[in-house]
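Quick note: the coordinates plus some simple rules give every number you see, no bench work behind them. In this text, all values refer to a predicted model and were calculated from it rather than measured experimentally. Counting neighbours? That spans all protein chains shown, and the Cβs are built from the backbone with ideal geometry, glycine included.
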Amino acid sequence: MLKMLHGKAKDEQWNNQIKEKLSPSLQEEIPFQDAAWPLPFVPGLEYNSPAHGTWNIVHMGMLLPGSHQIYVCGANCNRGVILTASEMNAGDRFSFVEIKEEDLFNGQMEDLVIEGVSDILHKLPKKPSVVLLFTVCVHHFMGCDLNYIYDTLRSRFPEQCFVDCYMDPIMQKEGLTPDQKLRNALYKPLPMREKNLKQINIIGNDFPTREETELKTIAKAAGYTVKDITECEGYEEYLSMSESFLNIACYPLAKYGAEQLSKRLGMKFLYLPFSFHYDEINAQLKSLVKEMPGAVMPDTSLLRKRCERILQETKELVGDTKITIDATVVPRLLGLTRLLISHGFSVERIFTDAFSAEEKEDYLWLKENAPNLKVCATIHPNMRVYPRNPQEKILAIGQKAAYFSGTEHFVNMVEGGGLHGYDGICELCQKIQQAYQTKKNTKDLVVRKGLGCESCI
């Protein structure tokens, strides 16, 4: 820092990197050429838009068959998770222990958790397969003895599986996020079992991977069974995931959990994220085939030609219609933006508060080739009054892009939507075509929590 300020830095590249990191914008919208890496905007007071299709920890916890979630927190924190469980009609799989002000000072926090959870379990009509016990920020602040809590509960209920989970948004900016921790915790109940060399797992997704993806077609054509928590119909089927010899993570926030599971149960591991670069997709498919004896590499030249054909068809349909994209629709926002711009699409604006560490190459490409592309924050306070009355047709990709753009033409998808590989690009193009041709009720759709989950509103 001192070297940079006094102009004595000998390493010009280091100097430029520091400048990038120290130059986020105070505004809510900037041209891409001015966007700092990896945070284009100054952090501060945050706005929460009404677009709620992304999954939260309550939705994810419900994926574990037969599980019961218990949250130990104050009334204000409880409000959000209670409403989530209620909206998805899953209140029977959800309980809470409320922390009051006096509990912060009486030295009995551990007893509150233990007795509260015990009371809930005694009153449940049916023993859950797993108890997902969520502690919160205040337990960190107080130095609560979580090991003592879990040891006591496991001794009281020796046949009950308890999994330590966390709702601690204070950890959002540094270290593992609550999302990453839960995608790890969901697989902790899996025991060590003999491995089935014809069975693999897809770990950490919220949505089933499309059957038509190369990942699944290659595996199934070679006689492999593909297991996924999103498709498990019961707890026993979930436990059978322990028998797989290979774990695949396709979602960035699932990578840590898949790595930990692989180490614990002696499984192989592959990280194959949803990419928009043909060369990277080819490399992923080669890695997959290498780990599965008997699997055959598809003709990727044909797959690429199909992608190019559908991209061209989509461009001919939408023409010069302005397109906006947000970071919730796919993990690699910049990769998707680059793909569309390089194929002639009129991408006008992207909505994101940070850039993924995996996308530095795409960031640099966009800096050079799309310097006037608008980058817009989603949590900046000024977004409360962001103009949402377009004078022309806007095609949005993602819920937040639709909300902020004020359009009824949008791709209603979050977190990759189960897409992957060449097939994923083609399917996304189909969704773009449908969005261009058909209006949706944006105000009704985006406010529903957890896209794909049951909603009572």
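General observations
- Charge dipole magnitude, Cβ of K and R +1, D and E -1 - segment 310-457, Cα centre, debye nearest 20: 560 debye
- In straight-distance terms, cross-link reach from residue 439 covers every one of the lysines whose alpha-carbon lies under 21 Å from its own, apart from those fewer than eight places away in the same chain; here that gives 315, 322, 393, 400, 431, 449.
- Segment 315-380: trypsin sites (Lys or Arg not before Pro) in DSSP coil with no more than 14 other Cβ atoms inside 10 Å: none
- Shape of segment 65-185 from the C-alpha gyration tensor: rounded (a/c under 1.5, with a ≥ b ≥ c the square roots of its eigenvalues).
- If you take the Cα centroid of segment 267-344 and the Cα centroid of segment 412-431, the two points sit 9 Å apart.
- For the chain, the relative contact order is 20 percent, taking Cα pairs closer than 8 Å that sit 6 or more residues apart in sequence and dividing their mean separation by the residue count.
- Net charge, residue 252 excluded, C-beta distance under 11 Å - Lys, Arg +1, Asp, Glu -1: -1
- Sites excluded, GluC sites (Glu not before Pro) in DSSP loops with at most 12 other C-beta within 10 Å, longest stretch of the chain: 234-391
- In plain terms, the chain from residue 105 to residue 297 could stretch by 62.9 nm, reckoned as 0.36 nm per residue minus the Cα-Cα distance.
- Each of residue 259 and residue 124 was given a label point 7 Å from its Cα along the Cα-to-Cβ line. The distance between the two points is 3.2 nm.
- Toward the positive end of the charge dipole of the chain, with +1 on the Cβ of Lys and Arg and -1 on the Cβ of Asp and Glu, the farthest Cα among 132, 40, 65 is that of 40.
- The mean sequence distance of close C-alpha pairs (under 8 Å, at least 6 residues apart), as a share of the length of segment 346-394, puts its relative contact order at 49 percent.
- Dipole magnitude (debye, nearest 20) for the chain, charges at Cβ of Lys, Arg, Asp, Glu: 780 debye
- Within segment 196-291: Cβ-based charge dipole about Cα centre, in debye rounded to nearest 20 (Lys, Arg +1; Asp, Glu -1): 400 debye
- Within-12-Å neighbourhood charge of residue 390 [Cβ basis; K, R +1; D, E -1]: +1
- Spatial separation of Cα centroids for segment 170-233 and segment 58-80, in angstrom: 21 Å
- Exceeding the 29 Å Cα-Cα cut-off - candidates 198/305; 188/440; 126/263; 181/227; 181/268: 198/305; 188/440; 126/263
- Summarising the label geometry, the points placed 7 Å from Cα in the beta-carbon direction at residue 268 and residue 354 lie 3.3 nm from one another.
- Net charge in the neighbourhood of residue 116 (other residues with Cβ under 14 Å of its Cβ; Lys, Arg +1, Asp, Glu -1) is -3.
- For residue 397, the amide hydrogen comes within under 5 Å of the amide hydrogens of 324, 325, 326, 411, counting only partners 5 or more places away or on other chains and with H modelled in the peptide plane.
- Given in Å, the Rg to one decimal and the Dmax to the nearest whole number for the Cα atoms of the chain are 23.5, 70.
- No disulfide-compatible partner, judged by a Cβ distance under 4.7 Å, exists for the following cysteines of the chain: 137, 144, 161, 165, 232, 250, 307, 376, 426, 429, 453, 456.
- Over the chain: helical MRE at 222 nm, DSSP H runs n ≥ 4 each giving -39500 (n - 2.57), nearest 500: -11500 deg cm²/dmol
- Loop-located chymotrypsin sites (Phe, Trp or Tyr not before Pro) in segment 35-127 whose Cβ has at most 16 other Cβ within 10 Å (DSSP): 47, 105
- Global geometry of segment 159-313, whether rounded, prolate or oblate, following the gyration tensor of its Cα atoms and the 1.5 cut on a/c: oblate
- Net length gained if the chain between residue 457 and residue 159 were fully extended (0.36 nm per residue, minus Cα distance): 103.5 nm
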